[in-house]
1. Can you pull the accessible area of A:E188 for me, 1.4 Å probe, Å² to the nearest 10?
2. Distance in nm between label sites at A:M1 and A:S222, each 7 Å beyond Cα in the beta-carbon direction?
3. Using a 10 angstrom cutoff on alpha carbons, build the Gaussian network for chain A and name the most mobile of A:K33, A:K162, A:K111.
4. Place a point 7 Å from Cα of B:D214 in the direction of its Cβ. Which residues in the range B:164-196 have their backbone N less than 18 Å from it?
5. Between B:A36 and B:Q80, how high is the FRET efficiency from 1/(1 + (r/R0)^6) when r is the Cβ-Cβ distance and R₀ = 22 Å? Nearest 0.05.
6. Which sequence of A:E137, A:E125 reflects their accessible areas, 1.4 Å probe, from the largest down?
7. Just to confirm my numbers, what's the Cα centroid distance between the range B:204-256 and the range A:64-95 in Å?
8. Within 10 Å of each Cβ of B:178-191, how many other protein chain Cβ atoms are there on average?
Amino acid sequence: MAKIIVITSGKGGVGKTTTSAAISTGLAKRGYKTVVIDFDVGLRNLDLIMGCERRVVYDFVNVIKEEANLNQALIKDKRVDNLYILPASQTRDKDALDIEGVQRVIDDLAKDFAYIICDSPAGIEKGAMMAMYFADEAIVVTNPEVSSVRDSDRVLGILASKTKRAEENQDPVKESLLLTRYSPERVEKGEMLSVEDVKDILAIPLLGVIPESESVLQASNSGQPVILDEESDAGKAYEDAVGRLLGDEVPHRFLEVEKKGFFGRLFRG
Amino acid sequence: MVLKSKNKIQVERAFEFKGRMLTLTVLNVIENDLAAIDQQLGEKIAQAPEFFKNSPIVIDANVFESIDLKRVANIIRDHQLVPVGIIGGNPKQELLAADIGLGVFPKIRAVSSDKSDRKTKNNKEPETGSLNSVTGKQQTVENTQEQLVPVVEITKSPTMLIKQPVRSGQQIYARGGDLVVMSSVGAGAEVLADGHIHIYGSLRGRALAGVQGDTQARIFCNNLDAELLSIAGQYKISDDIPQDAKNGLVQIYLDNEQMKIQGL
């Protein structure tokens, strides 16, 4: 039975697609057959971040419209076994998504995959609704600032009322918080909400905290999911988050300002 | 109209009662002149015969104790309207209404009857009979609700219990009773109750207690960071809430129409 996880946030630019790429790559690396679907029809980005934009022939909308079959549209990742990408269409808009079509594609994928990761577009309109509708779990990506937290709160309300699980009175969608672009230095200066502030407002379990890191931008630009950069703090933090997603107890890192000792100062500059 | 029988499959439950908010047309008598009412009603209906055809009509018997209800009802029927009940009548009229097959809508509360009276006076040209379409929260609609719902709502549980956080964009209304929220009310969320509101987490959104006018209603919360507080229509916005009142267990109540915020 495939597990369907939506990566959502409400607000744009907080790191949903980066997270979708990292989490799906992390799951595949651990041996789970994983597919990541780009629901951002019209503003397709996931293929860029996954570095497969030149290999897109058919897309999600083609499959929904039955213009292509799934195997034609799925792109196999070249770096990690077990990882597939279902790209969005760049030339269509969200109206091309319909609930029966999405259901059919997800049902088909569920026969074959252990994890289906749905990369939601920003907003709470049709694309975002479609991405979350069939979810078993939701990872709510939030930046430590008030507007992002407010939007996440809104999305959590929608997850609790507008998803298939909610409508059919099943167990609720399991929600977890992923705090991205976290900077302990700025929290210390009072310029940013702390992990505790955000946890207090949203009142859901913390899946991980991804520190603000240059390696995220580099990774995006080079089409390499940041989790594959095993040296970077962000890559390590995503690796930890994947562990927690699978039920491991992993202590949180990168929450405190790094105290650089003498050697640290010498070598890390 | 208000009764709905849906379940044909289950024989042991052939119907259910439902309270519904409906728009009803009220015939508000301004002059006790039945001939004039008859004539003007005809003129009014001639303007939009399809709109009025078979419309249910409530007779407002508020103003004239002596009005001949039976004849008013017949005049209404003659114009192909359907008189369904009276509102605001005295006990004698209510008995008569039952005799001639009309329902009785319970008396309107002081506040809303006041409003509708004012509305009638302000909006009406001096004519003898007027058809006054009443919508939304005004008299007849509330009365429909009150008449039918108590069986379900008040005997079952007057208190609404919410266990999950109330998230931004959500609105929760405990009609006819108190509201208990076991978690927080987020910024951009709104909770309303006819009675008290108890919030065991933080209140960051809007809380409106006593929305039907109960000045005794109170709001209780743990950590007050509300966008808006209101009791029986009196309100305070975030900027008006003193900083020192914000921490810990707090109650908000009305004291001589003044909103008080007090630690507990």
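The values are calculated or read from the model by the stated rules, or taken from the named source; none is laboratory data. Everything numeric here is computed off the predicted structure, so don't read it as measured data. When we count neighbours, we look across all protein chains shown, and the Cβ atoms used for this are built from the backbone with ideal geometry, even at glycine. Note: accessible area is taken over every heavy atom of the protein model, side chains too, but ligands, DNA and RNA are not part of it. Shrake-Rupley method; radii C 1.70, N 1.55, O 1.52, S 1.80 Å.
1. Accessible area of A:E188: about 130 Å².
2. 4.1
3. Residue with maximal mean-square fluctuation among A:K33, A:K162, A:K111: A:K111.
4. Once the point is set 7 Å along Cα→Cβ of B:D214, B:172-182, B:191-196 turn out to lie under 18 Å by backbone N, inside the range B:164-196.
5. On the way: r = 19 Å, r/R0 = 0.88.
Efficiency, rounded to the nearest 0.05: 0.70.
6. Working: A:E137 15, A:E125 125 Å².
Descending accessible area places them as A:E125, A:E137.
7. Here the two parts' Cα centres lie 52 Å apart.
8. Details: counts 0, 0, 0, 0, 0, 1, 5, 0, 10, 6, 5, 3, 0, 0.
So the per-residue partner count for this stretch is 2.
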